[in-house]
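J.: To start, I am sharing the structure in question, which I have written as structure tokens.
Every number in this text was worked out from the coordinates using simple rules, so none of it is lab data. As the structure is a computational prediction, the values presented were derived from the model and not from experiment. A quick note on method: Cβ atoms are made from the backbone with ideal geometry, for glycine too, and the neighbour counts reach across all protein chains shown.
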């Protein structure tokens, strides 16, 4: 059997400890599948004395993880430190410069620096793997790069953040409002003490930018993701959606269109949407991720599973290690980290969305007084928005707020934006309007 694949592991949090536990538990199986032993030789973390529930005494400990990455007895570096910049990026650059393969679960780093790291890895002739950076244990990166490689990918979309999905599906099941559900999610460990990256859509946007680059062969463009989170969703929105035959989910979506000058343009957005109850994504509940890729020959492909956690994420990290062990053992080509070589990953212009057509859910919080409904419908009329249905919630108290929910017929998105602009500053509105697109297909 070939020499062991020697691993340096930086970051010994939940996932790092999970990687060691998985390597120990499945050692014989992994050795058979990789054709060689996967052997951790060195580790690094901030706290040397912390009990992580695994035996670290067998490994060399290096307080300087960048120096650890340059060790002569290391073939591959696993980065589980986190953060788009700082120590994680320094480690990644140092490992690649030293000719080491790099495996990372760091979605923020790949979303911000993926093209540069990919170019460096290709120049160095070493591997850059990041399966664990997108959707935890779901092998969607490998599926797009390899399994669907024969297809022109037409659209990628899905539920890319487990925390937001847990909150929305719990609101749906319990009728509780957002703030109460978030607090419970934090108590249960499904949400961080500072949940901003999750509930504001940033985490999902990182993942979407990576998937779009792989699926469409474009350069990673995190800045081009139009992002809106779920903090403004109310229990009443969930209830209205149910009445209309929908559920509310935070959806990341990307596709490519031909721009006015004939060049491709990329649309990327993360926004709460109404999903028809018959759609597969409507049945994804709890802290689960699901990704849909539509290929021109394969049709719709659905990937679903745990999007985070020690076990699923460690599974993805070790799957990357097996790939590297096989490739280097057999002397094969390492391959481009994304779907095509980095030099061929051209930036794409940001697609305009105003001309796109669809149906839209709109919710207005208004003062309970005569004439308000007429003002809303007049704005819709003047902007060319046709109302399909309208629900006005009964007044809670005399002179209090009233919720008006409406669904607009299919029409250009710019018309809805124009209607909301016409209502900007109206003293009839007691809170900013909420709009959510209805996912079709």
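J.: Relative contact order of the chain: what whole-number percent is it, with Cα pairs under 8 angstrom and at least 6 residues apart?
T.: RCO, the chain: 17 percent.
J.: For the chain, how big is the tail of P(r) above 33 Å, as a whole percent of Cα pairs?
T.: On the way: 39015 of 97020 pairs.
Across the chain, Cα pairs with separations above 33 Å total 40 percent.
J.: Could I ask something else about it? Please work out, to two decimal places, the log10 of the ratio I(q)/I(0) at q = 0.18, 0.19 Å⁻¹ from a Debye calculation in which every Cα of region 230-335 carries one identical scatterer.
T.: Values, matching the q order: -1.09, -1.12.
J.: Compute the distance in nm between two label points, each set 7 Å from the Cα along the Cα-to-Cβ direction, one at residue 2 and one at residue 409.
T.: Output for this residue pair reads 6.3 nm.
J.: A follow-up question, please. Rounding to the nearest 10 and keeping the result within 0 to 90°, find how far the Cα-based axis of helix 310-330 lies from the longest principal axis of the chain.
T.: For helix 310-330, the angle is close to 50 degrees.
J.: Continuing with this model, one more query. Measuring from a point 7 Å past the Cα of residue 154 along Cα-to-C-beta, which residues in region 254-273 have an amide N at less than 15 Å?
T.: 254-258
J.: If you average the alpha carbon positions of region 365-441 and of region 230-295, how far apart do those two centres end up, in angstrom?
T.: 21 Å
J.: Let me ask something else. For region 1-51, what's the relative contact order in percent, using C-alpha pairs closer than 8 Å and at least 6 residues apart?
T.: Answer for region 1-51 is 55 percent.
J.: Mind checking which of 279, 355, 113 has the largest fluctuation in a GNM of the chain, springs on alpha carbons under 10 Å?
T.: The residue that fluctuates most here is 355.
J.: Normalising by the residue count of region 141-305, find the relative contact order in percent from Cα pairs under 8 Å and 6+ residues apart.
T.: RCO, region 141-305: 34 percent.
J.: If we sort 290-300, 383-393 on the protection proxy, mean other Cβ atoms within 10 Å, highest first, what's the order?
T.: In decreasing order of mean packing, 290-300, 383-393 become 290-300, 383-393.
J.: Round to the nearest 0.05 the FRET efficiency obtained for residue 427 and residue 346 when R0 = 60 Å and r is the Cβ-Cβ distance.
T.: In this case the efficiency is close to 0.80.
J.: Further question: For the pair residue 55/residue 223, report the inter-label distance in nm, with labels modelled 7 Å from Cα in the Cβ direction.
T.: According to this spin-label approximation, the distance is 5.1 nm.
J.: In addition: So, by mean Cβ neighbours within 10 angstrom, what's the order for 84-95, 338-349 with the highest one leading?
T.: Descending packing order for the listed peptides: 84-95, 338-349.
J.: A follow-up question, please. Helix 202-216 versus the longest principal axis of the chain: what angle, 0 to 90°, nearest 10, using Cα atoms?
T.: The helix 202-216 is inclined about 70 degrees to the chain.
J.: At 1.306 mPa s and 10 °C, plugging the Kirkwood radius over alpha-carbon pairs of region 141-305 into Stokes-Einstein gives what diffusion coefficient in µm²/s?
T.: 97 µm²/s
J.: Packing-wise, with mean Cβ within 10 Å as the measure, how do 414-426, 156-168, 224-236 rank, highest first?
T.: Result, highest mean first: 156-168, 224-236, 414-426.
J.: Quick one: 46, 31, fewest Cβ neighbours within 10 Å first, how do they rank?
T.: 46, 31
J.: Still on this structure, please answer the following. Taking the Cα centre of each part, how many Å lie between region 1-65 and region 69-138?
T.: 17 Å
J.: Subtracting the Cα-Cα distance from 0.36 nm times the residue separation, let me have the gained length for residue 235 to residue 355 in nm, one decimal.
T.: Roughly 40.1 nm would be gained on extension.
J.: Between residue 63 and residue 194, what is the FRET efficiency for a Förster distance of 30 Å, r being their Cβ-Cβ separation, to the nearest 0.05?
T.: Step by step, r from the Cβ atoms, then E = 0.65.
J.: For residue 97 and residue 174, calculate 0.36 nm times their separation in residues minus their Cα-Cα distance, and state this gained length in nm to one decimal.
T.: The span from residue 97 to residue 174 would gain 22.5 nm if fully extended.
J.: Still on this structure: Quick one: helix 14-25 against the long Cα principal axis of the chain, what's the angle to the nearest 10°, folded into 0 to 90?
T.: 50 degrees
J.: Helix-only mean residue ellipticity at 222 nm, the chain, DSSP H runs n ≥ 4 weighted -39,500 (n - 2.57), per residue, nearest 500. What is it?
T.: It lands at -10500 deg cm²/dmol.
J.: When the chain is fully extended, how far beyond the present Cα-Cα distance does residue 378 get from residue 257, taking 0.36 nm per residue of separation?
T.: Net length gain for the segment: 40.2 nm.
J.: For the chain, with a Gaussian network of springs between Cα atoms less than 10 Å apart, report the residue from 404, 40, 78 with the top mean-square fluctuation.
T.: Evaluated over the chain, the most mobile residue of the options is 404.
J.: Just the Cα atoms of region 1-95: what Rg and Dmax do they give in Å?
T.: Final numbers for Rg and Dmax: 13.1, 39 Å.
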